Every structure is written in structure tokens, then in C-alpha cells.
Amino acid sequence: MRSGSAAVLVASTVAILFLALPLIVLTARGIQTRGWEGLPGTGVSEAILLSLLTTLLTTILTLLFGTPLAYTLARRRFPLRGLVNVLVELPIVLPPAVAGLALLVTLGRRGALGGVLAELGIALPFTTAAVIVAQCFVSAPFYIRSAVVGFQSVPKEIEDAGRVDGASGWALFRHITLPLSSRALAAGLTLSWTRALGEFGATILFAGSIMGRTQTMPLLVYNVLESSIDAAIWTSLLLLGFAFAALVLSRWLAGGGEMDEFTAA
């Protein structure tokens, strides 16, 4: 029994080191080499502002369109519902390059819907709007999946009691369903925002990397890497900090807002 416990401990330690050590080394390297001194004079602030703006708009769109879809998947029964669930969550595991190519052949100038968009005066590829589309495509499923779980966790007895008291439709959703599932929705939205912030593959294929227009922080890391690895490391640390804070917030929300989630032995 002791040998089994020791093996589990060793395997767990190896896994922790494998996952955490590269991040620790990255952080130490960035501080040691003072990588911020090698950052390019232009492009950094533009990339940061563009990332924050596009991810904010992505989050709003995800909330507006993802919430009704999540509620439908959680509450309604309809033919091929399982298939719809799989299709909605597929971008989570889809290779980023495939996601970008799919967007390009669908919404590009020569894509399936390119002609329709052109008639409406809309040209998406290599624009800021394309960045938002790419971010929504790869990040929205994280929110939708979490929201579905949140809506399903609301006891139907409570909703039935609300109906007995006269609540129905929007009033029932606003005053009962939404508050009871709000933590799951907030946790999923935080994860979705983090995924959008780190989006690279689909963005570079569908939107390109144009400074001040489509060059978000992950794309800046890629471009800076060609001239200075230390500057790329420091730029990466900015993203790492955002991601770490967002993940802590998401776990805190999912854990009911209790700090014991992080301090319990």
C-alpha cells in the first residue's frame, strides 16, 4: 500500500513539475534578463489596447448570443440535440489553424458567404472585426458549456414554485434562474474571455497581423520573437499575468466565492 502511495506521489510530482516548471522558468527568465527593456518602441500599447477592446466586444457578443443558446440546450429537448451540443463545443478541441481556415472559406471574400457580405458592403478578413469573429468562434463554447451546466443545476422545483407565484417567461429567468446560475455563468465568461485573449491561430489566418488593426498581444509575441527572445518573453508574461488572474477568478466563482478553494489542505 505504501509503495502504491509513493508511486502516486512521484507521478503527481512529475506532472506538477511538467506543467508548472516551464511557466516558472519563463517568469524567472523574464525578470532576470529585464526583457521589458528590449520591447519595441511601438506596437506594445497598441496590441494591449486592441486585445482589451476586442476581447471586451467578444465577451459582450458571447453573453448576448451564447446565453439564449445555453438556456435552450439546458432546458429544451429537440431532435439532434446531442449533435448540436457536439458542434457547439467542437471549436474547443479544434486545431486553431483549422478554425481560422474554416472562417476564411466561410466568411472570406471568396468564401461561401463572401458574396453576400460583399453585397452588403462588408469585408471581414484582415480587419478588427475579423479578430472579434475569430475570438468569438474559439472562445464562446467555453461560456456556453459552463452556462448549460449552470442552468441545469437550478432545481426545477424552485422554478415551478416561481411559476405558482405568478412568475413566467422573462420574469422567471431574471429573478430565479439567472441569480441561481450566475456564478457558473460568470466563471464560464471569465474562461471565455481568457481564451479570447490568448487566441492566435484562427486570428492570424483570418485577420492577419497588422499593427494597430489586427495585431493582438499573442500576435505581438510571435512578431517580437523574430528580433528578441527576451522581449518576447516579457510580452508573454503580460499575457500570463492576465490568464493567471482570470483563472483564479474563475475558480473562485465556481467554488462559491470561498478562499478555501485555494488554501485548503
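The values are calculated or read from the model by the stated rules, or taken from the named source; none is laboratory data. Remember, it's a predicted structure, so these values are computed and weren't measured experimentally. Cβ: placed from backbone, ideal geometry, glycine included. Neighbour counts: every protein chain shown.
Of note:
- Evaluation of W170 against (1) out of contact with any Ser or Thr (no Cβ under 6 Å at 6 or more places or on another chain); (2) at pLDDT below 90; (3) outside any helix (DSSP H, G or I) (one fails), failing number: (3)
- Residue in the stretch 219-226 that is out of contact with any strand residue (DSSP E or B) (no Cβ under 8 Å at 6 or more places or on another chain) and modelled with pLDDT of 90 or more present: yes
- Scanning the stretch 14-36 for residues that are within 16 Å of A231 (Cβ to Cβ) and either exposed (fewer than 10 other Cβ atoms within 10 Å of the Cβ) or under 24 Å from the mean Cα position of the chain (by Cα) (or both) yields a count of 2.
- Screening T177 on (1) assigned to a helix (DSSP H, G or I); (2) β-branched (V, I, T); (3) in contact with a Ser or Thr (Cβ under 7 Å, 6 or more places away or on another chain) shows it passes everything except condition (3).
- Residues in the stretch 71-101 that are more than 24 Å from L219 (Cα to Cα), of a type in the set (A, V, I, L, M, F, W, C) and touching a Leu at 6+ places or on another chain (Cβ under 8 Å): V84, V88.
- Filter result (closer than 17 Å to A99 by Cβ and not hydrophobic (A, V, I, L, M, F, W, C)) within the stretch 133-151: Q135, S139, P141, Y143, R145
- Test result for I60, out of contact with any Lys or Arg (no Cβ under 9 Å at 6 or more places or on another chain) and either among the basic types (K, R) or farther than 13 Å from C136 by Cα (or both): no
- Considering each residue of the stretch 139-153 in turn, at least one proves to be within 17 Å of the chain's Cα centre (by Cα) and closer than 20 Å to A207 by Cα.
- Tallying residues that are of a type in the set (S, T, N, Q) and modelled with pLDDT under 85 within the stretch 1-31 yields 2.
- Checked against the criterion of being in a helix (DSSP H, G or I) and at pLDDT 80 or above, the candidates T214, T203 yield just one match: T203.
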